[in-house]
Amino acid sequence: MNYYEVGVGAERYWKSAIFTYNHDKRITIGTVVKVPFGNKNKFGYIINVVNKPTYDTKPIDSVYDILIPDKTLLYADWFKKFYLASEGQVYSQFLPKNITKNSFKEEKTADYNLLDSIVLNKSQKTAVKELSETGKPSVLHGVTGSGKTRIYISIILEQIKSGKNVLFLYPEISLTSQLVNEIKRYAPVVVFHSQLKPAQKSKLWVKVAQLENPTVIMGPRSAMFLPHKNIGTIIIDESHESSFKQESEIRYNGLLAAGGLARTHKAKLIMGSATPPISESEQIIKSGGNIVCLHERAIKNESSKTVEIIDIKNRLNFKKHKLLSDKLIKSIEQSINSSQQSLLFINRRGTAKLMLCTKCDWQATCPNCDLPQTYHHDKHKLICHTCGTSSTPVSSCPACNSETALKSFGSKAIVEEVTSLFPGARIGRFDSDQSKEDSFSILYEEIKNGKIDILIGTQQIAKGLDLPLLTTVGVLNADLSTYFPDYSSDERTFQLISQVAGRVGRGHADGRVFIQTRQPNSKVLDLAVKESWHKFKDIELINRQKYDFPPFIFVAKIIIRDKSLKKAETTALKLTKELSAKTGKIKVLGPIASFIPKKSNHYYFQVHLLGKSRSNLLKVIEKLDSKYIVDIDPINML
């Protein structure tokens, strides 16, 4: 009889998830097995061969003819330590949810000829050369329409020719159809994503583990945990997207996790975006990596783009309608009459009540963090959601003595308003409330071919898709996300405005962009419409260093939840007191009610830990009780 330590995909509350089982045959380390666990069977993998223990052991139920590659085992160990995750959670992340006989059945694939080269312009060739000159991570910063996808394909072709696999990560399913179809013309592709059925996921998991020929594996952040081998390059497209951050279970930052995977495989990491994330870009530069830039559109013709900033406070700009400016309405009419398309972007990210002046640009901000304070009616206080500093609301503006007001922003039935303004137009609404069948990705080809006249929506229509018939873009309440009470709000605003304004002027037809805002002199908006990412990055880094925000400090968010408001608050206060007395080099902020203080009948509070050393932060966190939810490297402090 042989005895084995098995890493079992157990629940979070198990302190250890390594258990000893027996089997009559010799089994190789890394082999996937199924074992009895309580009253269920769970998947695991062989971690070690051990001597017979002094206690009784259960037999391994099933042994599968599949090995988790050594590099994946190493990466799982790194991931567990980097995020202080429980063993069971990590093993669950790296194991399939089910394996059947069908998982090993090869599907017949159609024979087709792959293209073996791609034409690049001079700037793209230079970019490929600069990316290839270093094995260190790189940021590929390319303005919208500069042809980043062609650069990706050029690099993929080189990797495939050298016998290496490529992992291509994208932010979400809505961007895949166009991208996958393009890359499939040049290389074999495996596509993995969360909406696959369990049987499909298991089949792809096995397929990746058994890959023999170089292949491109494409998927969102979860594709990192497939049993990869022989990765030569990891590409992260649209790397600024917040969906690379996992916000449940193990709350990992997908960009940092991809960096760990690249180091494990000694692979090249490329983060591409028109608006690269500032913190991660700065970390790449400090580690010896480089930023490679594309400042020009790939298609050069006589089409142009004009941008106008419309002051919402000047109601003379809104004679025809309270929400859409006269110039925007006229431009939409021109687009409809020319059988072209219009896009209305609703900046709906900010929903909290804020204190603003009704005349000037003044808003209530925290004296310590220089971030907007939000109003809490139960306490009649303005509170900073980063450090907890509170102040009393004022009735008159400290800057100009005009009246102040509490504002709450939302979408307010834009579709109905637009329908009444343009009764004959075909209108499509695209946001997170839409069904899968009505989603932007499913209807993309119809939209591209002009079946919809006016597109209305939130972030998903700001993505990097090409719409040749689009000539009018209107951004409603462009500055709303700058009021969001977090250090990252200016960056999120810059990214959103840059991305949505980049939907036109891509070489197809003349484009018109109208930015409606309460802050017409905003530096963030000015730099966004000019696509001046480098200038914005430099200004943002100065401000973040001044107030001690990432990337100049490491952050962890400790979340307390309870069905009782009093108990949640008392627990948070007690934890803050204990941490403040023990942490030394770690700064403790809070406690404070979470930005969304109640979800699913639970009340949420949080405590922020800040430190110059990530390892010092981890030393404090690993001593915490497992009842707390820990978010290391959060992308915001809300």
query = Between residue 266 and residue 122, what length comes free when the chain is fully extended (0.36 nm per residue of separation minus the Cα-Cα distance, one decimal in nm)?
reply = 48.9 nm
query = Per residue, what accessible area does the range 490-608 have, given a 1.4 Å probe and all protein chains present, in Å²?
reply = 45 Å²
remark   = Which of 81/381; 266/587; 451/523; 286/353; 34/80 exceed 30 Å between C-alpha atoms? The answer is 81/381; 266/587; 451/523; 286/353
key: Pairwise FRET efficiency - residue 25 versus residue 102, Cβ, R0 = 25 Å, nearest 0.05   = 0.55
With every protein chain in place, the chain: carbon and sulfur % of accessible area (1.4 Å) = 49 percent
note = Rounded to 0.05, the calculated FRET efficiency for the beta carbons of residue 358 and residue 600 at R₀ = 30 Å is 0.25
query = For the range 201-297, what is the accessible area per residue in Å² when the probe is 1.4 Å?
reply = 30 Å²
ask   = When ranked by the protection proxy of mean other Cβ atoms within 10 Å per residue, highest first, what sequence do the peptides 153-164, 226-237 form?
value = 226-237, 153-164
note = Computed over the chain, the Cα gyration tensor eigenvalues, each multiplied by 5 and square-rooted, give semi-axes in Å (largest first) of 43, 34, 22
request  = Note down the relative contact order for the chain as a percent, whole number, built from C-alpha pairs under 8 angstrom at least six residues apart.
outcome  = 12 percent
inquiry  = Helix-only estimate, please: 222 nm mean residue ellipticity of the chain, summing -39500 (n - 2.57) across DSSP H runs of length 4 or more and dividing by its residues, to the nearest 500.
reply    = -8000 deg cm²/dmol
task = Show me 625-634, 131-140 ranked by packing, highest mean number of other Cβ atoms within 10 Å first.
result = 131-140, 625-634
key: Residues of the range 199-220 with amide N under 15 Å of a point placed 7 Å along Cα→Cβ from residue 162   = 214-215
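Counting pairs of alpha carbon atoms under 8 Å apart in space and at least six apart in sequence, what relative contact order in percent does the range 174-325 give? Let's see the in-between values first.
Working: 124 pairs, mean separation 24.1, N = 152.
Averaging sequence separation for qualifying contacts and normalising by length gives 16 percent for the range 174-325.
Between residue 210 and residue 177, 0.36 nm times their residue separation minus their Cα-Cα distance comes to what?
9.3 nm
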remark   = Once both label points are put 7 Å beyond Cα along the C-beta direction, the residue 394-residue 449 separation in nm becomes 5.9 nm
request  = Return a whole-number percent for the relative contact order of the range 117-219, with Cα pairs under 8 Å and 6 or more residues apart as the contact set.
outcome  = 31 percent
Per-residue SASA entry for residue 1, accessible area with 1.4 Å probe, Å² rounded to 10 = 140 Å²
remark   = Given a Förster distance of 51 Å, the FRET efficiency implied by the Cβ-Cβ spacing of residue 18 and residue 296, rounded to the nearest 0.05, works out to 0.40
ask   = So which aspartates and glutamates can residue 161 reach, going by Cα to Cα under 17 Å and dropping same-chain residues fewer than 8 places off?
value = 116, 212
Ordering of 480-491, 200-211 by burial proxy (mean other Cβ atoms within 10 Å per residue, highest first) = 480-491, 200-211
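The values are calculated or read from the model by the stated rules, or taken from the named source; none is laboratory data. This structure is a prediction, so every number in the text was calculated from the model and none was measured. All Cβ positions, glycine included, derive from the backbone under ideal geometry; neighbour counts span all protein chains shown. Side chains are part of the model used for accessible areas, which takes the heavy atoms of the whole protein and leaves out ligands, DNA and RNA. Shrake-Rupley method; radii C 1.70, N 1.55, O 1.52, S 1.80 Å.
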